[in-house]
Structures are given as structure tokens and as C-alpha cells.
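Input: a single structure, listed below in C-alpha cells.
The values are calculated or read from the model by the stated rules, or taken from the named source; none is laboratory data. Since the model is a prediction, treat every value here as computed from it, not as a measurement. Heads up, the Cβs are rebuilt from the backbone with ideal geometry, glycines too, and the neighbour counts pull from every protein chain shown.
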Amino acid sequence: MPILVNLDVMLARRKMRSKELAERIGITEQNVSLLKSGKVKGVRFDTLSRICTVLDCQPGDILEFRPGPEDAAEDGRDTAGDG
């Protein structure tokens, strides 16, 4: 999937454990773990907003788009990056 979740990086930068984040944003520790691993299909804007508030960051600090070759082919670009 071309969307990467860097929540673990932000938690490390803020020296915060998943358990504390879960408590502060009102979701289960298991759901934080699923978010960190990227095993979710989506995240509510409300949840993302609470994460950003607690971690004092922007959504782009947590979510990253990295297109793969299949994404370039879908929009007509070649995968070599020169076309």
C-alpha cells in the first residue's frame, strides 16, 4: 500500500508509549497498535486530529505517501520516472 504510517516514529520522538497515547486519545491500545502497523484501511479525521493534538504534530508527520510502480502505471507515468 502506498500510504505508510509513521506513528511509531512520532511516538519515539515524543518519548511516549502506545498505551499513553491510547489513553489520551480515547481508543484502545490494540487500535493504536493496528494504526502503527498500517493494518487499518482508514482512520477517522477526529482520531487523526486527537493524535496530532497529543503528539503536537501535523497529519503529514504521521502519514506518508510513497507511490509504487503500480501507482505510476495507473496514472500513465512510466516507472522509470522520465516520462
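Cβ-Cβ below 6 Å, separation at least six or inter-chain, first residue in region 32-49 and within 18 Å of residue 9 (Cα to Cα), second in a loop (DSSP other than H, G, I, E, B): which pairs?
Short answer, once both residue conditions are applied: 34/40.
Any residue at all in region 28-42 that is modelled with pLDDT of 95 or more, among the hydrophobic types (A, V, I, L, M, F, W, C), surrounded by 14 or more Cβ atoms within 10 Å (Cβ to Cβ) and outside any helix (DSSP H, G or I)?
So far as region 28-42 goes, no, none of its residues is modelled with pLDDT of 95 or more, among the hydrophobic types (A, V, I, L, M, F, W, C), surrounded by 14 or more Cβ atoms within 10 Å (Cβ to Cβ) and outside any helix (DSSP H, G or I).
Do you know which residues across region 1-59 are among the β-branched types (Val, Ile, Thr) and touching a Gly at 6+ places or on another chain (Cβ under 7 Å)? Show your work before the answer.
Start the filter on region 1-59 by keeping residues that are among the β-branched types (Val, Ile, Thr), which leaves 3, 5, 9, 25, 27-28, 32, 40, 43, 47, 51, 53-54.
Within region 1-59, just 5 meets the criteria.
How many residues, within region 9-27, are farther than 21 Å from residue 68 by Cβ and part of a helix (DSSP H, G or I)? Walk me through how you get there before you give the answer.
Here is the first cut: in region 9-27, the ones farther than 21 Å from residue 68 by Cβ are 10-27.
So of that shortlist, the ones also part of a helix (DSSP H, G or I) come out as 10-13, 18-25.
Of the residues in region 9-27, 12 are farther than 21 Å from residue 68 by Cβ and part of a helix (DSSP H, G or I).
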